[in-house]
Structure formats: structure tokens, C-alpha cells
1. Say whether the condition of being under 28 Å from B:P319 (Cβ atoms), among the basic types (K, R) and either assigned by TED's automatic domain parsing to the domain that holds B:P349 or assigned to a strand (DSSP E or B) (or both) is met by at least one residue in the stretch B:209-217.
2. Go through the stretch B:318-377 and give me each residue that's part of a strand (DSSP E or B) and more than 23 Å from the chain's Cα centre (by Cα).
3. So if I check each of B:D215, B:D247, which one is within 25 Å of B:E397 (Cβ to Cβ), modelled with pLDDT of 95 or more, over 14 Å from the mean Cα position of the chain (by Cα) and acidic (D, E)?
4. Just for strands (runs of 3 or more DSSP E) wholly inside the stretch B:10-100: which have at least 1 residues that are of a type outside the set (K, R) and over 29 Å from B:R337 (Cβ atoms)?
5. Which residue out of B:A257, B:A245 is among the hydrophobic types (A, V, I, L, M, F, W, C), part of a helix (DSSP H, G or I) and assigned by TED's automatic domain parsing to the domain that holds B:I327?
6. How many of the residues in the stretch B:33-61 are more than 9 Å from chain A (Cβ to nearest Cβ), of a type outside the set (A, V, I, L, M, F, W, C) and either crowded, with 19+ Cβ neighbours inside 10 Å or touching a residue at least 12 places away in the same chain (Cβ under 8 Å) (or both)?
7. Quickly run through the stretch A:27-53 and pick out the residues that are at pLDDT 70 or above and touching a Ser or Thr at 6+ places or on another chain (Cβ under 7 Å).
8. Given the conditions (1) out of contact with any Ser or Thr (no Cβ under 7 Å at 6 or more places or on another chain); (2) more than 14 Å from chain B (Cβ to nearest Cβ); (3) at pLDDT below 95, report the number of the one that A:K117 does not fulfil.
Amino acid sequence: MKDFTPNYIEKVIDIMKNNELTEVALEDEHSSMVIKSNGYKPIIKEKDIQKEEELNTVSEEAIEEEKPVEEKQNLVPIVSNMIGLFFTKPSPDEKPFVQVGDEIKEGQIICIIETIKLMNKITSDVSGKIVEICIEDGKPVEYGQVMMYVEKN
Amino acid sequence: MFKKVLIANRGEVAVRIIRACREIGLPTVAVYSQADANSLHVSLATEAYCIGANESSSSYLNIPAIMSAATISGADAIHPGYGFMSERADFAEICKEHNIKFIGPSPESMQLMGDKATARKTMAEKGVPITPGTGIITDIEEAKEAAKKFGYPVIVKATAGGGGKGMRVANNDKELEQSINLCRQEAEKFFGNPDVYMEKYLVNPRHIEVQIIADKFGNVIHLGERDCSIQRRHQKLVEEAPSPAVDNETRKKLGEAAVRAAKAANYEGVGTIEFLLDKDKNFYFMEMNTRLQVEHGISEMISNVDIVREQINIAAGNPLSYKQEDILLHGHAIECRINAEDPERNFLPAPGEINGYITPGGFGVRVDSHVYSGYKIPPYYDSLISKLMCWAPTREEARRRMYRALKEYVITGVKTTLPFYQELVEDEVFISGNFDTGFMETYKQNKE
């Protein structure tokens with residue numbers, strides 16, 4: 001691990017910036033690392049972490065990436081109880097029923113699921129704030145699939 | 001040909017249909033319940049959709065969910081397999097309304113053959129032999145008169161019945177009266193239709209069925225008969241083709257009767273005409289199964305016809321690929337249905353995880369199954385693990401091959417019927433081929 005110090009990685013990022021490289025893969029006998037550049041702002045992703053703590057000190061961005069997953073554990077998923085097409089709006093020209101960031105109440109219509117030309121209005125069984133809508137408008141949703149995550153009040 | 005086929009079923013039959021589709025070059029859509037997420041049909045299909053919870057009623061019998069999966073995926077045909085939606089005329093009708101081809105007969109043919117009393121009447125009119133019987137019973141005294149004429153025992157059956165439900169045997173007038181009343185109540189409860197009829201009851205006949213295939217141009221062929229006499233509570237255990245009790249002359253008559261029966265029903269698709277065969281080689285029409293049958297594989301082995309492929313082919317509107325004279329039956333095939341059941345505890349279903357699985361192989365051995373090592377058998381559906389089929393030039397060679405394959409087959413983690421079959425195929429009466437539907441009763445008594 002001695003080579004993968006913060007100083008070392010900063011140097012690599014400088015080399016990437018100066019040469020406009022988009023991806024660099026590094027590997028030694030303990031761990032491997034891929035640094036991907038998104039234009040001039042590099043995004044660092046880690047793989048195969050043997051000494052996690054040491055690597056976490058390497059990149060704050062990598063730690064941030066894990067954060068939403070941890071938060072999700074405190075969220076309430078809204079799951080589809082039928083198979084059909086998922087629609088966020090009552091009709092293509094109208095506003096969506098709900099958007100990310102909206103406060104919703106139990107019983108409020110949140111989407112439509114179309115099954116064999118039947119428009120089923122789906123209501124929320126929780127109150128809270130919508131933090132994620134997991135399915136794109138007009139795409140299929142299966143039985144048991146998570147449609148949205150709500151932060152419960 | 002179709003663009004995409006949705007398989008509205010699970011287990012080994014879903015796998016069987018996907019295999020046929022892949023060989024034709026047809027993309028497939030699997031539908032599954034939550035309990036079946038790790039089932040083989042889900043991973044073998046081109047796409048798969050979870051359509052409902054574990055119970056069949058909310059998944060494999062959930063018409064809106066199945067139709068929704070079909071429209072989402074753009075499937076233009078639905079194969080119902082056997083069981084579940086396969087004999088539901090209302091489902092075939094709904095498919096028609098949505099411009100999706102139901103791979104099976106028309107709703108009209110299904111209704112005609114589904115109503116047992118009407119089916120008998122139609123068969124009698126077309127010269128297909130039926131057991132002496134009555135129409136729908138309206139008057140108990142008249143029924144007693146008829147029973148006297150036929151001679152007891154008689155059997156009272158619900159016209160909407162099937163699968164062994166809504167049937168009662170009566171040996172005298174008193175029992176007949178009770179049977180009619182009970183049967184009506186049962187029929188009302190199970191099928192929502194209290195109509196019952198009566199026919200002469202043959203004591204321990206052989207159960208013989210003829211495989212037919214019909215196209216929409218009125219061409220009908222048969223692939224010979226199967227003998228399914230070894231049953232336990234109306235559930236088939238061992239099937240073989242051809243029947244050891246049927247000679248060439250009877251086979252010809254049976255085949256012709258089956259073709260007449262299919263034509264009478266204006267039938268299109270694959271189907272099975274069930275007959276009862278008595279000791280004097282008289283046979284009587286019992287019923288028609290308007291679908292692919294579990295045991296179709298042994299007919300494939302002796303005829304070299306891929307029944308499922310041909311079923312899809314004719315559903316797509318093509319004429320039959322065979323004429324009757326093209327069908328040359330060769331050799332003998334036996335099938336054992338391997339179930340997750342405990343034969344020691346009266347065939348109690350034994351769901352659970354299969355932790356070891358080695359299938360038999362070699363020339364003339366076929367295993368149709370959806371399980372693998374690590375597969376969990378869910379408790380919500382039937383307990384079929386696999387169908388083990390063996391072919392050989394003669395019955396004795398096929399039987400010995402079956403014994404060898406049963407001994408090679410390893411399934412650990414759950415109780416199975418393998419040990420039961422290993423004993424059964426070595427039984428003297430089974431070896432002789434001289435048995436009837438009373439086989440299991442005598443076999444059980446001898447064991448005890």
C-alpha cells in the first residue's frame with residue numbers, strides 16, 4: 001500500500017490533468033485502483049479494498065459515493081403491486097403527480113400504472129418526502145419492484 | 001411465424017417450451033411469481049417479468065398480469081403449457097380480443113370438449129364409442145332405472161369436473177341417490193355448475209390415450225397411444241408408449257377413433273383423447289384434454305416428432321409438417337414422474353432445497369426438468385422435479401434402461417420418489433406388462 005499515498009494519487013491526478021487522460025488503472029500486490037477523469041474533474045473509484053481505512057483517506061469523493069446507499073436504509077420504498085407501464089403524469093402534456101423533493105401525504109396519487117389499457121391510479125401508503133423516483137416515465141414496472149423512495153415524516 | 005412468445009407457465013414445461021422456441025429462433029418472454037425468481041425458465045427466456053406474489057391465484061392464474069406482461073413485451077403469442085391457463089376458454093377469448101394468438105385450440109372447441117356431457121353426446125354422434133350413460137340427471141328415479149339397465153356399478157360425474165373431483169361410484173340404488181346429491185353439491189362448490197350425469201363404471205380398465213395433432217386446414221394425425229394405467233388417486237405415476245395391451249389392429253381402431261373425435265370438435269392444435277380399455281379390447285371415449293400433456297415426451301421418443309415445435313408451427317397458421325403415413329412408430333418409451341414427495345409418508349409433498357443433483361445420461365435417456373443444485377422447491381405449486389424418460393427398441397430394454405437411469409439419478413436435500421420407482425420398475429407385474437388401473441392398490445397391499 002505504501003505507493004498509494006494521498007501525495008502519490010495527487011501526483012497521478014496532475015499527470016492526468018496535464019495530459020488530458022480520462023482513465024488510469026493502478027495495481028500492486030495488495031490492492032487495485034481506477035481513477036477516471038470526467039473532463040478536468042477526476043472521479044475516483046476503488047476496487048478490491050483490503051485496507052479500507054487507508055484507502056478512505058485517499059479520496060473524499062469515494063466516501064461520498066457510498067453515502068446515499070447508507071441513507072437508503074432509513075428510507076421507505078414504495079413497491080409496485082402489479083406489472084404494467086409506469087407513468088409519472090396523468091397525460092403527456094400535464095405536470096407529473098409528484099417530483100423528487102415533494103412532500104406527499106398518505107393516500108395521495110403518486111403515479112399511474114397501465115395494465116392492458118387500464119389506467120390504475122396508484123396512491124402512497126406513507127407520508128413523507130420523495131427522495132428518488134426509480135423508474136423512467138413510460139417504462140415497464142414489475143410486481144414487487146421499487147418505484148420510489150420516501151423519507152418518512 | 002410469431003415475433004415473440006410469452007410462456008404463461010412455470011417449471012419443467014416452461015423450460016420445454018422455451019427450448020422449442022429457441023430452436024425455431026423465436027424470442028421468449030417468461031413470467032414468474034416472486035417465489036420463482038430463481039427458477040430456470042426465468043434465466044433461459046429472452047426476457048422475464050415478475051407478475052405477482054407466490055400464490056398461483058395472484059401470478060400464474062392472474063389474467064390481467066399475464067396480459068400486461070404480453071403487451072409490455074410485445075409478445076404476439078402465448079403458450080399456456082399444461083395446467084394453469086391451458087384449458088381456460090375465457091383466457092383464450094381474452095387473448096383473441098388483444099390480437100394475441102393463444103397457442104391451443106379455439107375457445108369454442110375448448111368449451112365443447114370441456115363440458116363432459118356435451119362431449120360424450122358429440123362423440124356418440126360421430127361414431128366414437130362411449131360407455132353407456134345418461135345425459136344430465138334431472139330425476140333420481142329415472143337415474144335408478146338407467147342404472148338397472150347398464151348394471152351396477154355406475155359412476156356419477158360432474159359435467160364440469162376434472163382431475164378426479166366431482167366423481168362418485170355407486171354400487172346400488174341407495175348409494176346412487178347419495179352419490180347424485182353429494183356430487184351435485186361438490187360440483188356446485190368446485191365448478192359453480194351443479195349438473196351431473198351417470199355412466200357405467202368399468203372396474204379397473206386400462207387408461208389409454210391417443211396423441212393427436214390438428215392444423216387449421218382440417219388435417220389431423222395421431223402419434224399412437226400412451227398407457228397411463230399406473231396411477232395413484234387419479235395422478236399418473238408411470239406412462240409408457242406404446243401400450244403393452246394394444247395390438248396393431250386395436251391401435252389402428254384407436255387412432256382412427258381419436259382422429260374422428262378431433263375432427264368432430266373442429267379441433268386445432270395438439271390434444272389427447274383419453275379412452276378406457278377393457279379386458280376384451282373394447283375401448284370407450286372418456287374425455288379429451290385440449291392441451292399439451294405432461295407425458296407428451298414419450299410419444300416424441302417413439303414417433304420422432306417434436307410435438308411442441310409442431311404445436312407452435314400450426315398455431316402460426318402453417319399446415320401440418322406430417323401426413324399420417326409419415327408417422328412410423330419405433331421402439332418403446334417409459335416415463336417416471338419424479339416428485340419431491342416422501343413415498344414413506346404417503347407421498348407427502350417435501351419442498352426444500354436441492355443441495356446435490358446429478359442427472360442420468362446415455363443413449364435413450366431424457367430428463368426434462370427445471371431444477372439444479374441449489375434450487376429451492378417452493379411449497380406453492382406441484383411437486384414435480386423432473387420427468388425421466390427412457391427409450392429402447394423393446395419394452396424390456398426400455399425398462400432395464402429406466403432402472404439403470406433411476407439408479408444413476410442423484411437428488412439430495414429433499415425426499416423424492418426415486419426409491420419408489422426403483423422398486424416399482426423391478427416389480428413382477430410391471431415387468432409382465434399385464435396390469436390395469438388397479439395396479440397401485442394391489443402393489444401397495446403386496447408391499448405391506
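1. Step one: list which residues in the stretch B:209-217 are under 28 Å from B:P319 (Cβ atoms), which gives B:209-217.
Now narrow it down to the ones that are among the basic types (K, R): B:216.
Subset that is either assigned by TED's automatic domain parsing to the domain that holds B:P349 or assigned to a strand (DSSP E or B) (or both): B:216.
Yes, the stretch B:209-217 contains a residue that is under 28 Å from B:P319 (Cβ atoms), among the basic types (K, R) and either assigned by TED's automatic domain parsing to the domain that holds B:P349 or assigned to a strand (DSSP E or B) (or both).
2. Listed by number, the residues that qualify are B:G352, B:E353, B:G356, B:Y357, B:I358, B:K376.
3. Numbers: B:D215 fails: within 25 Å of B:E397 (Cβ to Cβ).
Selected residue: B:D247, the only one of B:D215, B:D247 that is within 25 Å of B:E397 (Cβ to Cβ), modelled with pLDDT of 95 or more, over 14 Å from the mean Cα position of the chain (by Cα) and acidic (D, E).
4. On the way: elements: B:28-33, B:47-52, B:77-79.
Qualifying strands (runs of 3 or more DSSP E): B:47-52.
5. Details: B:A245 fails: part of a helix (DSSP H, G or I).
From the options B:A257, B:A245, the qualifying one is B:A257.
6. The total comes to 10.
7. A:K36, A:S37
8. Here A:K117 meets the rest and fails (2).
The values are calculated or read from the model by the stated rules, or taken from the named source; none is laboratory data. Owing to the predicted nature of the structure, the values given are computational and were not obtained by experimental measurement. Please note: Cβ atoms are built from the backbone with ideal geometry, for glycine as well, and neighbour counts cover all protein chains shown.
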